[in-house]
Every structure is written in structure tokens, then in C-alpha cells.
1. What ranking, highest mean first, results for peptides 345-357, 156-168, 271-283, 134-146 when packing means the other Cβ atoms within 10 Å averaged over each residue?
2. Which angle between 0 and 90 degrees, to the nearest 10, do you get for helix 245-256 versus the longest principal axis of the chain when only C-alpha atoms count?
3. Counting only Cα atoms, I'd like the Rg/Rh figure for region 107-345, Kirkwood definition for Rh.
4. In whole Å, what three semi-axes, largest first, describe the equivalent ellipsoid of region 13-93 built from its Cα gyration tensor (square root of 5 times each eigenvalue)?
5. Can you list the lysines whose alpha carbon is less than 20 Å from that of residue 60, not counting same-chain residues fewer than 8 positions off?
6. Of the beta bridges DSSP finds with both residues in the chain, what % are antiparallel, to the nearest 5?
7. Which of the aspartates and glutamates could be linked to residue 152 by a straight reach, that is with a Cα gap under 18 Å, when you skip same-chain ones fewer than 8 residues away?
8. Can you compute the modelled spin-label distance between residue 196 and residue 252, with each label point 7 Å from Cα toward Cβ, in nm?
Amino acid sequence: MIPSTQPFLTRSPKPWANIPPQQWDDWHWQLDNRLNSVEELEQIINLTPEEIQGLTAKDKFRVDITPYFASLIDPDNPLCPIRRQVIPLGRELVDFVGMQEDSLAEDEHSPIPGLVHRYPDRVLMLVTTHCASYCRYCTRSRLVGDFQQTFKKNDLERQLDYIRQTPQIRDVLLSGGDPLTLSPILLDYILSRLREIVHLEIVRIGTRVPVFLPQRITDEFCNMLRKYHPLWINIHINHPKEITAELSAALAKLADAGIPLGNQSVLLAGINDRLDIQQELLCKLVKNRVRPYYIYQCDLVKGAGHFRTTVARGMEIVEGLRGHLSGYTIPTYVIDAPGGGGKIPVMPQYLISQGVNKVILRNYEGYITTYYEPEDYDPSLIDRAQPLTDMRPEIGQEGVSGLLQGKAKAIKPQGYDRTHHRGDRAVQES
Ligand SMILES: *Cc1c(COP(=O)(O)O)cnc(C)c1O
């Protein structure tokens with residue numbers, strides 16, 4: 001029996017006034033009764049002409065909104081942050097400079113359809129193209145929401161095989177689409193197959209189901225998940241208005257099941273690109289035992305042009321967090337590199353100068369101080385006799401750290417040696 005959350009719902013709009021609580025709290029009912037057309041949405045919101053244009057556009061990215069999430073929309077405010085995330089605007093169809101379909105070049109980094117292996121020790125496993133509701137700025141709109149493109153059992157088995165055969169993988173990140181929309185049997189199957197792989201240390205799930213469909217987070221479901229520890233979950237909350245009593249209850253269930261919770265949000269123009277909104281969101285997350293993990297600069301993906309902010313706006317926000325709020329509330333601000341370089345952190349400069357044996361730093365208040373470094377520091381004193389048991393190779397991905405460790409002398413752009421060794425002296429590529 002799913003516990004009723006109906007007492008919290010004083011704002012349920014009229015079309016659902018006669019839906020009994022058991023039905024409202026049933027996640028199947030929520031999925032079966034999602035809204036997507038002008039006719040359905042008109043009953044609960046006063047649609048603007050631009051929203052109607054967005055909703056009636058021919059090749060738009062899929063629209064589907066759970067009644068629960070739709071019930072949080074302010075019917076009379078076109079700027080409502082809940083509404084802006086799920087109701088399309090005509091602007092979605094406008095192209096912009098830098099726009100791409102697959103802005104993170106995920107398809108190029110996929111050894112198997114749906115498996116993105118970009119970093120040395122971890123992989124992203126796309127297990128479905130379905131979501132409970134569809135975010136207008138979706139970074140995977142090229143495949144998400146498309147029934148035709150969803151992954152088959154055979155793709156899944158090949159993904160699992162690749163992970164089994166790749167011992168440097170310690171961490172598998174299940175995403176999609178939303179893995180929590182899979183049938184519980186299939187999700188249980190995937191998690192149990194992953195758990196059998198001895199070199200795999202952690203499994204994490206990226207999901208927005210707690211936000212769109214908190215009814216899905218039942219005790220029974222949490223009991224299934226807790227069999228697969230160490231299991232981490234990253235949710236995706238962008239605005240404090242999303243943190244309802246229902247979402248809080250779902251987060252508490254997950255946290256009580258021993259699942260560490262993180263949050264990944266996207267900086268979105270007109271939705272959460274204001275310092276006070278971010279501060280409220282981040283503090284509320286921590287109160288709900290959710291540790292803010294990343295705040296993303298909006299990707300250069302088709303459909304998301306009008307959601308983008310400048311990076312300067314992001315920097316202003318991050319400047320207003322560090323030092324001002326508990327360190328637990330502060331996510332890393334990242335730009336996911338267009339073309340597929342992975343997440344690149346960006347932050348204000350706190351180390352403002354450097355001299356021999358000293359660094360000059362500034363804090364959030366503008367206080368400037370000197371840290372004196374030891375003059376006799378000897379990094380070779382560490383006990384090197386202790387064999388390290390589980391180092392995973394990073395062939396070709398040692399990067400800048402590899403230079404610092406002396407494993408390479410330079411990182412050269414493609415074709416560098418060819419263009420620079422023009423003389424007759426044959427120079428060895430190093
Ligand atoms: C984000 C991402 C990961 C995980 O990165 P973390 O920084 O470890 O959270 C892994 N693979 C891909 C392809 C990603 O986009």
C-alpha cells in the first residue's frame with residue numbers, strides 16, 4: 001500500500017478535484033495521465049500564444065508532464081519556473097551560434113550504443129530513452145523521448161559485456177532517459193548484473209523521477225535499491241519550488257535506505273539565474289540530506305538556446321556562495337565541454353599571486369592574506385614501500401597530471417610534430 005501524500009495537496013487544479021487520493025498517489029496513474037496537448041494543458045493553465053506555438057510545432061521535442069508536476073504550475077504566470085521547464089515555447093525552434101544536436105559528442109564516445117566511455121575509470125550507461133516528464137533543455141533530446149530509439153535487451157547485454165571486459169571501470173552511471181522509469185524487474189536485473197562485476201566499485205543513478213513523480217519512491221522500491229549498495233543517486237532539482245512535501249518525503253525514503261543523494265542542476269535563464277534563488281535552493285537541498293554536486297552551464301544543444309546564461313552570470317552566483325553559505329551547500333560549477341571533453345570546473349580566482357615560498361590568497365570578503373609554504377618540504381619522504389593494491393591504468397588520459405608526475409614532457413595538439421619538425425634533422429617524437 002502506497003502511503004497517501006494527498007493531505008499536502010491543497011493546490012490540485014480542478015480537472016483532478018475528483019481523483020481519489022489512492023489514484024493520485026499511484027505512479028502508474030500519474031504516468032498514464034500525463035498532459036501533452038494544448039487541449040489538456042488549457043484546462044489547467046492560461047497558455048500564452050508562444051506556448052501554443054511551442055506545443056503545436058511539428059517536430060518539437062516530446063512534451064509529457066505528470067499531473068503532479070503540472071499541479072505545481074502557476075496557471076496565470078508565464079514566468080513560473082516550474083512551467084518554463086516543461087512547457088515548450090516557440091523560441092525552442094530558433095537556431096543559435098554554436099548549436100549542436102549532440103553537443104557533448106556522446107555518440108562518438110560510445111563503444112556500444114548507449115554506453116559512453118569518456119573518462120578513464122567510469123562509464124555512462126544509457127538504459128532507456130523514456131522520462132517521467134521532459135525538460136525542455138534536455139541535453140539528449142536527440143534520442144530521449146523517442147520510442148523508436150529506446151535501447152533493446154541486446155544493447156543492454158552488450159553494454160554489460162563491455163563493462164565486464166573493461167577492468168579499469170570502477171563506477172557506472174545509469175542514466176538515459178530516466179532509469180527509474182524502467183520496469184522494476186528490468187532495473188533490478190541491471191543492478192544485479194552490475195553488482196556481479198568484481199572490478200565495479202560503485203553504481204550511481206541519475207534521475208529526475210523524485211521531482212516529476214515522487215509517488216514512484218515507495219518503500220518497496222527503496223528496499224529493492226538498497227540490495228545494491230554502494231549505490232548513489234543524483235537527482236536534478238533546479239528551483240526551490242520543486243521541493244514540495246511530496247518530494248521531501250521521497251528524498252527521506254531514499255536517504256533512509258542508505259543512499260547518498262546528490263543534486264545536479266542546470267543554470268537556466270529566467271528560472272534560477274539569481275543568487276537568492278540559488279541560495280534558497282541549495283540550503284533546502286542540504287536540509288533534505290541532498291548534497292549539491294554540480295551546477296551546469298546550459299549545453300549548446302538544439303532547443304536550449306533561450307535557456308542559456310552567460311558564464312559571467314554563473315561566476316557571480318558562485319562568488320555569492322563560497323564563504324557565505326555552509327560548504328555542504330556549494331556545488332561545483334561546470335561547463336560540459338562542447339565536442340566532448342567532459343566537465344570543466346570554473347570558479348572565481350582565489351589564489352591571486354605567488355612568490356617564492358608564499359602564496360597570496362583572497363577570501364570571499366576580499367580579505368587578502370599570505371600563506372607561507374615550508375622551505376624544506378620533501379615530497380620523497382612518503383612511504384613508497386607500501387604496495388598500492390588497486391591502481392587502474394589511464395592509458396593516454398594522464399593529461400596535465402601526467403606532466404606533473406613526469407610521465408610526459410608535453411601535450412601536443414594533433415599534427416604538432418609534423419608541422420614543427422621541418423628541418424632535415426630527424427627529431428624523435430617524444
Ligand atoms: C558526467 C559524466 C560522467 C561522470 O562524471 P563525474 O564528474 O564523475 O560525475 C561520466 N561519464 C560521462 C560521459 C559523463 O558525461
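The values are calculated or read from the model by the stated rules, or taken from the named source; none is laboratory data. Everything numeric in this text was worked out from a predicted model, so none of it was measured. Don't worry about glycine lacking a Cβ; one is built from the backbone with ideal geometry, like all the others, and counts go over all protein chains shown. Only protein heavy atoms, including side chains, enter the accessible area calculation; ligands, DNA and RNA are left aside. Shrake-Rupley method; radii C 1.70, N 1.55, O 1.52, S 1.80 Å.
1. On the way: 345-357: 10.7, 156-168: 16.7, 271-283: 18.8, 134-146: 21.0.
The packing order, highest mean first, is 134-146, 271-283, 156-168, 345-357.
2. 50
3. Working: Rg = 17.4 Å, Rh = 18.4 Å.
Expressed as Rg/Rh, it is 0.95.
4. Numbers: eigenvalues 105, 37, 21 Å².
The answer is 23, 14, 10 Å, longest axis first.
5. Leaving aside lysines fewer than 8 places away in the same chain, those within reach of residue 60 are 302.
6. Antiparallel: roughly 35 percent of the beta bridges in the chain.
7. Straight-line reach from residue 152, under 18 Å: 107, 161, 178, 188.
8. Label-label distance for residue 196 and residue 252, simple model: 3.8 nm.
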